[in-house]
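Quick notes on the structure that follows.
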Amino acid sequence: MSARRVAAITRRLLQQFRRDRRTLALLFVAPIVILGLLGYLIRGSQSAPPVGIANEDQGPLGGVFASALEQSSSISASTIQASDGEARLKDGSLVAYIVFSPDFSQRAQAGTVAPEVHLEGSQPGTSSPVLQALQQALTSMAANAPGSGLHFEPGIQYLYGGPGFDTLDYFGAAFIGLVVFFLVFVITIVAFLNERSQGTLERLMASPLRRGEIVLGYMLGFTVLALIQSVEVLVFSLAVLNVHNQGNVLLIFGMEALMVLAAVNLGIFLSMFARTEFQAVQFIPLVIVPQVLLSGILFPVSTEPKPLQLVSDVLPLTYAVNGLRDVMIKGADLTWPSLQLDAGIVAGFGALVILAGVATLRRRIA
Amino acid sequence: MAEAFAVDVEGVQKSFGGLRALDGVTMRIRPGEIYGLLGPNGAGKTTLIRAIVGLVAPESGTVTVLGRRMPDVDQLRNIGYMTQQAALYPGLSVEENVQFFAAIYGAEGGVTEAMQLVKLDERRKSVVATLSGGMRQRLSLACALVHKPKVLLLDEPTVGVDPQLRVELWEDFHRMADGGTTIIVSSHVMDEAERCQRLGLIQYGKLLAEGTPAEVRAQAGTNNLEEAFLRLAGRRDES
C-alpha cells in the first residue's frame with residue numbers, strides 16, 4: 001500500500017470536483033433545499049383546516065361547545081348555516097362542518113351528547129384535527145358547563161421531547177442521516193462508473209496501483225467532501241431549522257461520518273455491477289427506496305408487519321436512523337448499549353462494503 | 001532464453017463467448033525494437049496488447065515481459081500503456097492529467113518533458129474537455145510515457161493526429177527505441193507500418209506473417225505493404 005499513490009487518487013478526485021459545479025451543487029445545495037423544504041412543509045404549513053359550525057341548539061350547551069371549538073388551535077372554525085354545509089364541503093372551502101341540532105342541550109341533559117359531524121372525508125389528514133378539536137371541546141365543555149362540578153387537570157410528564165417537540169424534530173433527526181447517505185451514494189456510484197466508461201479505470205489497472213489503493217483513494221476523496229456536507233447539514237438543521245437536539249453534536253457528526261463511509265463504499269461496490277450511468281441510476285430505487293420505507297424514517301420499525309421487520313433489521317440505515325434519533329431526541333451517549341450497537345453495525349456494514357469493493361474491483365477486464 | 005526478449009508471447013489463446021479473439025499467438029520482441037501489430041478492426045490487436053499488460057487472462061499460453069511472467073503488478077511500473085480510447089479525466093487540465101499519472105508511477109519529475117514531447121506544454125492549463133480529438137490523443141500518449149517505461153504499448157496512437165505531428169511522433173518513437181525502449185504499436189494504417197522495424201500481421205486472432213516490412217512484402221510477392229496484407233489475409237481465408 002503506497003500512501004503517495006492513494007494521495008494521488010484523492011487529490012485528483014478533489015481537483016475534478018473543483019471544476020464540476022453541478023455536482024458541487026448536488027452535494028452542497030441539494031441538502032439545504034431538501035431539509036429547508038421539509039422544515040417549511042412541516043412548520044410553515046397552515047395546519048388548521050377550515051371547519052364550519054352551525055349552532056341551531058335552543059339550549060345553552062351548543063353555544064358553549066361552539067365557542068370551545070372556535071378557540072381550538074387544531075381547526076379554523078367559522079359560523080355557517082347548516083343548509084350551506086354540504087355545498088361548502090363540495091366546493092372545498094370547508095373540510096368539515098359540525099351541526100348542533102335544536103335539541104342538542106336537551107339530549108345532552110338526558111345523557112347523550114350528539115353533535116353531527118360532516119367530514120369531507122377524501123383526505124384523512126384533514127379529518128383527524130377536526131375530531132381532535134371535537135374531543136378537546138367536549139373535555140372543555142364537561143369542565144366548564146354550568147353545574148357540572150368537574151375539573152380536568154392532567155399532570156403531563158415527558159420522558160423525551162417536550163410540549164414543543166414536533167414532527168420536524170422527529171423526522172429531522174432521521175433526514176439528516178438520509179440526505180447525506182443518499183447524495184453521497186449517488187455521486188460515488190456515478191463517479192466510479194465514469195472512471196470505467198471513460199477508460200481511465202483500464203489505464204489505472206495497467207499501472208502499479210493496487211486495488212486497495214484505488215478504493216482507499218476514492219474513499220478518502222469522497223469522505224472529505226461528504227464530511228464537509230455533513231457539517232453543513234448539521235449546522236443548517238440545528239441553527240436554522242432548530243431541529244430538537246438533546247445530545248452531543250460530535251456524536252451526531254460521528255454517526256454521519258460512519259454513514260458516509262458506508263455510502264461511499266456501497267457506491268464503489270455497486271458500480272461494479274453497472275456498465276452505464278443509466279444502469280447505475282437503477283440502483284437508486286433498489287437501494288434507497290426500501291431503506292427510506294423500512295428503516296424507521298417514516299414508520300416505526302416496531303409497527304411494521306413481522307416479515308418486513310426482518311428486512312428492516314438488516315438495513316444499515318435502520319441502525320443509523322435509530323442512533324441519530326437516540327442521540328438527538330433522547331440525548332444518548334456512548335455509554336448507551338443501544339447506541340453502541342447502532343454505531344457498531346453501521347461501522348461494520350462500512351467495513352463489509354470496503355472489503356466487497358476491493359474484492360470485486362478486478363484488474364483483469366476479461 | 002526468455003530474458004533475451006523484452007516481450008515474449010507464447011501460444012496465447014483467448015475467446016469471448018464463441019469468438020476466438022486470439023488463436024495461439026506467438027511472438028517475440030527484442031529490447032529497443034519497434035514492433036507494429038497490423039490488422040483490420042476486430043483482428044485481435046487490442047486483445048493481444050491487453051494480454052501483454054495483464055488485463056486479459058489467456059486461456060492458454062504465456063506472456064513474459066522483461067523476464068517476468070504476466071500478470072505481475074510490480075512489472076507494470078516498467079510498462080506504459082496508451083489505450084485506444086484517449087482515456088483521460090475530462091474535468092482536469094492537461095498538466096493535472098499528466099501529473100496524476102506521473103504520481104502513480106512516482107515520476108513527478110517527468111511531467112514537463114512529457115508535455116513538451118507531445119507539444120502540449122503551451123496548453124498545460126487547458127481543461128481536457130476543451131481539447132480537440134488529436135490533442136487528447138497526444139495527451140493520452142504523454143500520460144503513457146511520463147514515467148519513461150521500458151516497454152511502451154501503444155494502441156492506435158496516431159488516430160486523429162495531424163500528419164505533421166504524426167511524423168514528429170514517429171521520430172520520437174524511434175528516438176525512444178534508440179534509447180532502449182521497446183515499443184509495440186498497433187495500427188491499421190499501412191504507411192505507419194513502414195516505420196516499424198518489424199511487423200506482425202494479425203487477422204482473426206492469428207499471426208499471419210511476421211518480419212521486417214521488406215520481408216513481409218517479399219513473403220507476399222509484392223512491393224506494396226497494403227497489397228501484401230491483402231494477399232496474406234486472402235491466403236488465410238482460402239485455407
Shielding by partners - mean other protein chain Cβ count within 10 Å, residues of B:85-95: 5
Overall Cα dimensions of segment A:50-144 - principal axes, largest extent first, Å: 35, 25, 19
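Quote the charge dipole size of segment A:50-144 about the Cα centre in Debye, to the nearest 20; the model charges only the Cβ of Lys and Arg (+1) and of Asp and Glu (-1). All intermediate terms of the calculation are to be shown ahead of the outcome.
Values: 3 positive and 9 negative charges, 39 e Å.
That gives a dipole near 180 debye.
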Mean Cβ count within 10 Å, highest first, over the residues of peptides B:157-164, B:125-132, A:299-306: B:157-164, B:125-132, A:299-306
Contact order relative to length of segment A:117-272, as percent, for alpha carbon pairs under 8 angstrom and 6 or more apart: 33
Two-decimal Rg to Rh for segment A:293-366 - Kirkwood Rh, Cα set: 1.13
Whole-number percent relative contact order across chain A, with pairs defined as alpha carbons under 8 Å at least 6 apart: 19
Value of [θ]222 nm, deg cm²/dmol, for chain B, DSSP H segments ≥ 4, -39500 (n - 2.57) each, nearest 500: -10500 deg cm²/dmol
Average beta-carbon neighbours from other chains, 10 Å sphere, peptide B:102-108: 5
Beta bridges by DSSP in chain A, antiparallel share as percent, to the nearest 5: 30
Degrees between helix A:61-71 axis and first principal axis of chain A (Cα, 0 to 90, nearest 10): 30
CD proxy at 222 nm, helix term only [per DSSP H run n ≥ 4: -39500 (n - 2.57); per residue of chain A; nearest 500]: -20500 deg cm²/dmol
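With the contact rule set at Cα under 8 Å and sequence spacing of 6 or more, what percent relative contact order holds for chain B?
Relative contact order comes out at 25 percent.
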Residues with amide H under 5 Å from that of B:Val7, placed H, sequence gap 5 or more: B:Ile29, B:Leu66
Reachable lysines, given that their alpha-carbon falls under 21 Å from the alpha-carbon of B:Lys148 and they are not under 8 places away in the same chain: B:Lys119
Relative packing of A:107-120, B:134-147, B:179-192, which averages over residues the other C-beta atoms within 10 Å, highest first: B:134-147, B:179-192, A:107-120
A:Leu250 paired with A:Arg22, simple spin-label distance in nm, labels 7 Å along Cα-to-beta-carbon: 4.1
Under 14 Å, Cβ to Cβ, from A:Gly63 - net charge with Lys/Arg +1 and Asp/Glu -1: -3
Calculated on alpha-carbon atoms, Rg and Dmax of the protein assembly as shown in Å: 36.1, 125
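May I ask you to list, by number, the DSSP H helices of chain B whose Cα span along the axis is at least 20 Å and whose average Kyte-Doolittle hydropathy reaches -1.0 or more? Write down the numbers at each step before the final one.
Details: long enough: B:163-178 (22 Å, -0.87).
Qualifying helices, which must be both long enough and hydrophobic enough, are B:163-178.
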Chain A: most fluctuating residue of A:Leu138, A:Leu334, A:Leu38 per GNM, C-alpha cutoff 10 Å: A:Leu138
Percent antiparallel among DSSP beta bridges (both partners in segment B:2-221, rounded to 5): 55
Shielding by partners - mean other protein chain Cβ count within 10 Å, residues of A:235-246: 0
Links that overshoot a 21 Å alpha carbon limit, given the list B:Lys125/B:Lys150; B:Lys45/B:Lys206; B:Lys14/B:Lys45: B:Lys125/B:Lys150
Most mobile of A:Leu134, A:Leu209, A:Leu201 in a GNM of chain A (Cα contacts under 10 Å): A:Leu134
Angle in degrees between helix A:249-271 and the longest Cα principal axis of chain A, rounded to the nearest 10: 60
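Would you mind counting up the charge near A:Ala114? Only other residues with Cβ under 12 Å from its Cβ, with Lys and Arg at +1 and Asp and Glu at -1.
Numbers: positive: A:Arg107; negative: A:Asp57, A:Asp103, A:Glu116.
Spelling it out: positives minus negatives among the neighbours equals -2.
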Residue-count net charge about A:Val29 - beta-carbon cut-off 14 Å; Lys, Arg +1, Asp, Glu -1: 0
Stretch gain in nm, segment A:Leu308-A:Lys90, where the contour uses 0.36 nm per residue and the Cα spacing is subtracted: 74.6 nm
Surface/4 estimate of mean projected area, convex hull on alpha-carbon atoms of segment B:2-221, nm²: 12.0
Tilt relative to chain A, helix A:3-19 - C-alpha long axis, 0 to 90 degrees, to 10: 50
Long-range HN-HN contacts of B:Ala209 with modeled amide H, under 5 Å: B:Leu201
Most mobile listed residue (A:Phe269, A:Phe104, A:Phe185) in chain A, GNM with C-alpha springs under 10 Å: A:Phe104
Alpha-carbon centroids, segment A:23-38 and segment A:158-201: separation in whole Å: 10
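All of the numbers you see were taken from the coordinates with simple rules; none came from a lab. Everything quoted here is computed from the prediction, not taken from an experiment. Methodologically, a virtual Cβ is constructed for each residue, glycine included, from the backbone with ideal geometry; neighbour enumeration extends over all protein chains shown.
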